[in-house]
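Chemist: Just dropping this structure here.
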Amino acid sequence: MARRKRTSYRKRRQNRMSMVMVTVVVVMIIAVVSISSMNLKAKNEVQQQTISSLNEQIANEEKRSQEIEEYRKYTQTKKYAEEVAKEKLGLVYEGEIIFKEEN
């Protein structure tokens, strides 16, 4: 009977140690997962800010592209050709009178 008490005492002690070790491992896993989760949340916030700024840039570039397309259409009109001829080349229509300012 004395041997039974010794072996059962050893088994209980080993069982307790095993439970403590398992608990420590589980707590460590929970800590690592929590820290990783916080890091991922921080990265997610940074990525969301990046996405919003990129979407804003896309909207600005689309607006600019539309303005460039409108200017391209305007440059193909007769009115644009007349303006360029008058301003840069100094051409005028026949019979047109030009007034110049005196300095």
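Chemist: Calculate, for residue 74 and residue 96, the FRET efficiency according to 1/(1 + (r/R0)^6) with r their C-beta to C-beta distance and R0 30 Å; round to the nearest 0.05.
Modeler: Once rounded, the FRET efficiency stands at 0.85.
Chemist: Roughly speaking, what is the stretch gain from residue 22 to residue 62, that is 0.36 nm per residue apart minus the C-alpha to C-alpha distance, in nm to one decimal?
Modeler: 8.6 nm
Chemist: What does the charge dipole of the chain about its Cα centre add up to, to the nearest 20 debye, if the Cβ of each Lys and Arg holds +1 and the Cβ of each Asp and Glu holds -1?
Modeler: Computed about the Cα centre, the dipole is about 3440 debye.
Chemist: Another question, if that's okay. Leaving out ligands and nucleic acids, note down the accessible area per residue over the chain with a 1.4 angstrom probe, in whole Å².
Modeler: 104
Chemist: At 0.36 nm per residue, minus the direct Cα-Cα distance, what do residue 46 and residue 29 gain on full extension? Give it in nm, one decimal, please.
Modeler: 3.5 nm
Chemist: Over the chain, with every protein chain in place, what whole percent of the accessible area is carbon and sulfur at 1.4 Å, could you tell me?
Modeler: 57
Chemist: What residue among 71, 59, 46 has its Cα farthest toward the positive end of the dipole of the chain, where the charges are +1 on Lys, Arg and -1 on Asp, Glu, each on the Cβ?
Modeler: Final value for the positive-end residue is 46.
Chemist: Further, regarding this structure: Kindly provide log₁₀ I(q)/I(0) values, in the same order as q = 0.11, 0.16, 0.17 Å⁻¹, from the Debye equation applied to equal alpha-carbon scatterers of the chain.
Modeler: For the chain, the Cα-only Debye profile gives -0.75, -0.94, -0.97.
Chemist: I've got another one for you. Loop-only GluC sites (Glu not before Pro) in segment 9-103, please: DSSP not H, G, I, E or B, and at most 12 other Cβ atoms within 10 Å.
Modeler: Of the GluC sites (Glu not before Pro), the ones in loops of segment 9-103 whose Cβ has at most 12 other Cβ atoms within 10 Å are 94, 96, 101, 102.
Chemist: Just in segment 20-103: which trypsin sites (Lys or Arg not before Pro) are loop by DSSP and have at most 12 other Cβ atoms within 10 Å?
Modeler: Taking segment 20-103 and a limit of 12 other Cβ atoms within 10 Å, the loop trypsin sites (Lys or Arg not before Pro) found are 88, 100.
The values are calculated or read from the model by the stated rules, or taken from the named source; none is laboratory data. Given the structure is predicted, the values throughout are model-derived calculations rather than measurements. Using ideal geometry, Cβ is built from the backbone for each residue, glycine included, and neighbour counts are taken over all protein chains shown. We work out accessible area using only protein heavy atoms, side chains counted, and drop any ligands, DNA or RNA first. Shrake-Rupley method; radii C 1.70, N 1.55, O 1.52, S 1.80 Å.
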